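See structure below.
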Amino acid sequence: MNSMFNLKGKVAIVTGGNSGIGNGIARGLASAGSDIVIAARDEAKTARAVQEIKEKFDVRAMGVRVDVRQEKSIKEMVQQTVEAFGKIDILVNNAGVNIRKMPEEFSREEWDEVLEINLRGAFLCSQAVYPTMKENGGKIINIGSMTSIVGAAKAAPYSCSKAAIVKLTSSLAIAWARDNIQVNTILPGWIDTPLTAGSRKAFPGLDNHVESRTPAGRWGSPEDFAGPAVFLASAASDFVTGASLAVDGGYSQSTLIV
Ligand SMILES: NC(=O)c1ccc[n+]([C@@H]2O[C@H](COP(=O)([O-])OP(=O)(O)OC[C@H]3O[C@@H](n4cnc5c(N)ncnc54)[C@H](OP(=O)(O)O)[C@@H]3O)[C@@H](O)[C@H]2O)c1
């Protein structure tokens with residue numbers, strides 16, 4: 001691999017790396033040579049993801065149990081990573097959930113759950129890695145959504161969390177630029193993962209909508225995130241910070257396919 005994209009010797013934490021987009025990113029970073037820490041709640045799923053990475057790529061990998069709603073748990077994730085691998089070069093704030101309801105139906109607890117995982121979790125993870133990351137510089141990749149750009153009638157807390165993650169990205173990018181830490185956001189379009197399996201069930205016309213509205217004519221896959229993540233995690237993007245990169249097959253650029 002071109003040395004500009006080479007991640008050999010780097011250490012990456014991917015929250016939610018045991019499933020979907022996070023797993024596609026973890027495998028992508030491993031394919032470029034990075035050691036990988038998969039951090040999520042379900043330890044069995046995490047163990048399987050770690051095993052797959054170890055079998056397929058010549059890198060070190062380990063799983064850490066984290067609940068990004070819990071600050072103590074996040075601090076333990078960082079401590080365990082530093083104890084095992086000595087440093088943290090890359091953080092991917094990918095852990096996320098959605099609850100689909102009309103705005104008038106949300107309880108306060110449901111609002112808090114989505115915001116705490118998707119937004120506060122990304123903030124606390126970034127804050128927790130900062131002392132270690134600033135020693136050698138680093139890369140933080142946040143995961144937004146098409147709802148970072150537009151609203152969603154049945155996902156008010158989700159879209160608020162994903163809009164705010166773009167401003168969190170800008171703020172951290174400015175604050176930590178002189179520490180040589182670049183912070184960017186990936187904005188996924190419609191991606192085939194366990195998260196959207198629920199949407200497909202809830203909205204029977206969704207498949208048709210996604211395929212006709214997406215210029216590329218298909219759903220995205222977790223593998224589609226490997227290249228963009230390697231770019232944003234590598235020296236190739238050293239002068240890119242505070243940016244949002246849509247990985248959506250052109251979805252955000254189109255209104256209708258005619
Ligand atoms: N799929 C799409 O079309 C799409 C579009 C736009 C944005 N996104 C975003 O992409 C990211 C990944 O979504 P996905 O589609 O890949 O969904 P997914 O397959 O359901 O993955 C979500 C991941 O988040 C982890 N997670 C959830 N709550 C957590 C918590 N409290 N602490 C730690 N980890 C937690 C889950 O692991 P555990 O359950 O083991 O904790 C899982 O690994 C999310 O931020 C999502 O909003 C997805």
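Can you give me the ranges of the helices (runs of 4 or more DSSP H) entirely in region 190-258 with at least 1 residues that are in contact with a strand residue (DSSP E or B) (Cβ under 9 Å, 6 or more places away or on another chain) and closer than 27 Å to K139 by Cα?
Counting at least 1 such residues, we get 226-233.
Return the pairs, sorted by first residue and then second, in which the second residue is away from the ligand (no atom under 11 Å from the Cβ) and not in a helix (DSSP H, G or I), the first residue lies in region 142-169 and is over 19 Å from I25 (Cβ atoms) and polar (S, T, N, Q), the beta carbons are less than 9 Å apart, and the residues are 6+ apart or on different chains.
S159/V150; S159/G151
Quick grid of which residues meet (1) within 14 Å of the ligand (Cβ to nearest atom); (2) touching a Cys at 6+ places or on another chain (Cβ under 7 Å); (3) of a type in the set (A, V, I, L, M, F, W, C):
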| site | (1), (2), (3) |
| --- | --- |
| K162 | yes, no, no |
| D179 | no, no, no |
| A226 | yes, no, yes |
| D248 | yes, no, no |
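Considering only residues that are surrounded by 20 or more Cβ atoms within 10 Å (Cβ to Cβ) and among the charged types (D, E, K, R), which ones fall in region 193-248?
Answer for region 193-248, where residues must be surrounded by 20 or more Cβ atoms within 10 Å (Cβ to Cβ) and among the charged types (D, E, K, R): D224, D248.
Give R108, R69, R48 a once-over and let me know the one that is surrounded by fewer than 22 Cβ atoms within 10 Å (Cβ to Cβ) and in contact (Cβ under 8 Å) with a residue 40 or more places away in the chain.
Sole residue among the options that is surrounded by fewer than 22 Cβ atoms within 10 Å (Cβ to Cβ) and in contact (Cβ under 8 Å) with a residue 40 or more places away in the chain: R69.
Can you pull out every residue in region 35-74 that is β-branched (V, I, T) and farther than 16 Å from G121 by Cβ?
Of everything in region 35-74, those that are β-branched (V, I, T) and farther than 16 Å from G121 by Cβ turn out to be I36, T46, V50, I53, V59.
Can you name the residue in region 51-66 that is hydrophobic (A, V, I, L, M, F, W, C) and over 15 Å from N18 (Cα atoms) and is also surrounded by the most Cβ atoms within 10 Å (Cβ to Cβ) among such residues?
The qualifying residue surrounded by the most Cβ atoms within 10 Å (Cβ to Cβ) is V59.
Could you please let me know if A202 is among the aliphatic types (A, V, I, L, M) and at pLDDT 95 or above?
Here the answer is no, as A202 does not meet what is asked.
Could you say whether any residue in region 110-128 is away from the ligand (no atom under 14 Å from the Cβ), at pLDDT 95 or above and in contact with a Pro (Cβ under 9 Å, 6 or more places away or on another chain)?
Yes, some residue in region 110-128 is away from the ligand (no atom under 14 Å from the Cβ), at pLDDT 95 or above and in contact with a Pro (Cβ under 9 Å, 6 or more places away or on another chain).
The conditions are (1) within 16 Å of the ligand (Cβ to nearest atom); (2) farther than 20 Å from I90 by Cβ, and I140 fails exactly one of them. Which is it?
All conditions are met except number (2).
The values are calculated or read from the model by the stated rules, or taken from the named source; none is laboratory data. Predicted, not measured: the structure shown is a model, and the values here were computed from it. Every residue, glycine as well, gets a Cβ built from its backbone with ideal geometry; the counts of neighbours run over all protein chains shown.
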